[in-house]
Amino acid sequence: DAMVIQNPRYQVTQFGKPVTLSCSQTLNHNVMYWYQQKSSQAPKLLFHYYDKDFNNEADTPDNFQSRRPNTSFCFLDIRSPGLGDAAMYLCATSRGLAVNEQFFGPGTRLTVL
Amino acid sequence: QKEVEQDPGPLSVPEGAIVSLNCTYSNSAFQYFMWYRQYSRKGPELLMYTYSSGNKEDGRFTAQVDKSSKYISLFIRDSQPSDSATYLCAMSASNAGNMLTFGGGTRLMVKP
């Protein structure tokens, strides 16, 4: 089945210790997104890639970086996690930029100690 | 004030009830409206997609948009325990843009 896969599903890191979250897709979609969703809050778009073109949201902190080495994989790097970065991180993909075509992965829940 | 407001709930109903979920918004430029269902520890799943004002029906689900009141609704008929989830509304001003503005979600519990 074509799908969006996120690893790990749960990640625990220490305050200030860099962490990388992974997303892969078998849909061959052009666009990949990273969202941050804090408890009982709306998902917040951090950035997206259209092919290799990186688009950062204006209010995404510099502490968050992303890499897309190929069509299938996209990584979220948090350089120095703070307690406020504890959240669910959702990866989504879409063929194009149509708003109704985003397919979400199951998310990675990040805990910062 | 948030751009999209949604009552967080939880909303608890008995099995078979009609459920009404709602969002209000402030940006009159929004034209594309979506409802997502999010089960615990899973990613959001698109349920309904509508453009501009009007109704759209899909099985037990009906989405309504009233742009004049900046108000959207999702109705679930004959609710089932499997409908228990968080429902997120989302909207966008453009169909070709990537920017979705989400509501905070309403947690629904359908009791057998």
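The values are calculated or read from the model by the stated rules, or taken from the named source; none is laboratory data. Since the model is a prediction, treat every value here as computed from it, not as a measurement. With ideal geometry, Cβ positions are generated from the backbone for all residues, glycine too; neighbour counts draw on all protein chains shown. Surface areas here come from the heavy atoms of the whole protein model, side chains and all, with no ligands, DNA or RNA. Shrake-Rupley method; radii C 1.70, N 1.55, O 1.52, S 1.80 Å.
Before moving on, here are some points about what is shown:
- Environment charge of A:ASN30, counting only residues whose C-beta is closer than 14 Å and scoring Lys/Arg +1, Asp/Glu -1: 0
- Residue-normalised accessible area of chain A, given per residue in Å² at a 1.4 Å probe: 48 Å²
- Here the accessible area of the range B:23-88 is 44 percent carbon and sulfur, with a 1.4 angstrom probe and all protein chains present.
- Seen from A:PRO106, the other residues with C-beta closer than 12 Å to its C-beta sum to a net charge of +3, counting Lys and Arg as +1 and Asp and Glu as -1.
- A 1.4 Å probe, protein heavy atoms only, puts the accessible area of A:SER72 near 50 Å².
- Calculated FRET efficiency, B:ASP78 to A:PHE75, Cβ-Cβ distance, R0 = 41 Å: about 0.45 to the nearest 0.05.
- Burial annotation for the range A:43-68: residues with an accessible-area loss of at least 10 Å² between the isolated chain and the complete set of protein chains, computed on heavy atoms with a 1.4 Å probe, are A:PRO43, A:LEU45, A:HIS48, A:GLU57.
- Contact order relative to length of chain B, as percent, for alpha carbon pairs under 8 angstrom and 6 or more apart: 38 percent
- Solvent-accessible heavy-atom area per residue, rounded to whole Å², over the range B:20-85 at 1.4 Å: 47 Å²
- Radius ratio Rg over Rh of the range B:2-104, counting only Cα atoms, Kirkwood formula for Rh: 0.95
- Mean per-residue shielding of peptide A:91-103 is 5, counting Cβ atoms of other chains within 10 Å of each Cβ.
- On a per residue basis, the convex hull of the C-alpha atoms belonging to the protein assembly as shown measures out at 127 Å³.
- Look at the stretch A:27-39: the mean tally of other chain Cβ atoms within 10 Å of its residues' Cβ atoms is 1.
- Each Lys and Arg adds +1 at its Cβ and each Asp and Glu adds -1 at its Cβ; summed about the Cα centre, the protein assembly as shown shows a dipole of about 420 debye.
- Each Cα pair under 8 Å and six or more residues apart adds its sequence gap; the mean of these over the residue count of chain A is a relative contact order of 38 percent.
- Estimated at the nearest 10 Å², the accessible area of A:LEU113 is 120 Å² with a 1.4 Å probe.
- Around B:VAL110: net Lys/Arg minus Asp/Glu count, Cβ-Cβ under 15 Å: +2
- Rg [Å, one decimal], Dmax [Å, integer] - chain A, C-alpha atoms: 13.2, 38
- Under 27 Å from the Cα of B:LYS56 - lysines, other chains or at least 8 residues apart: A:LYS44, B:LYS2, B:LYS42, B:LYS67, B:LYS70, B:LYS111
- Summed over both chains, the contact between B and A buries some 1700 Å² of accessible surface at a probe radius of 1.4 Å.
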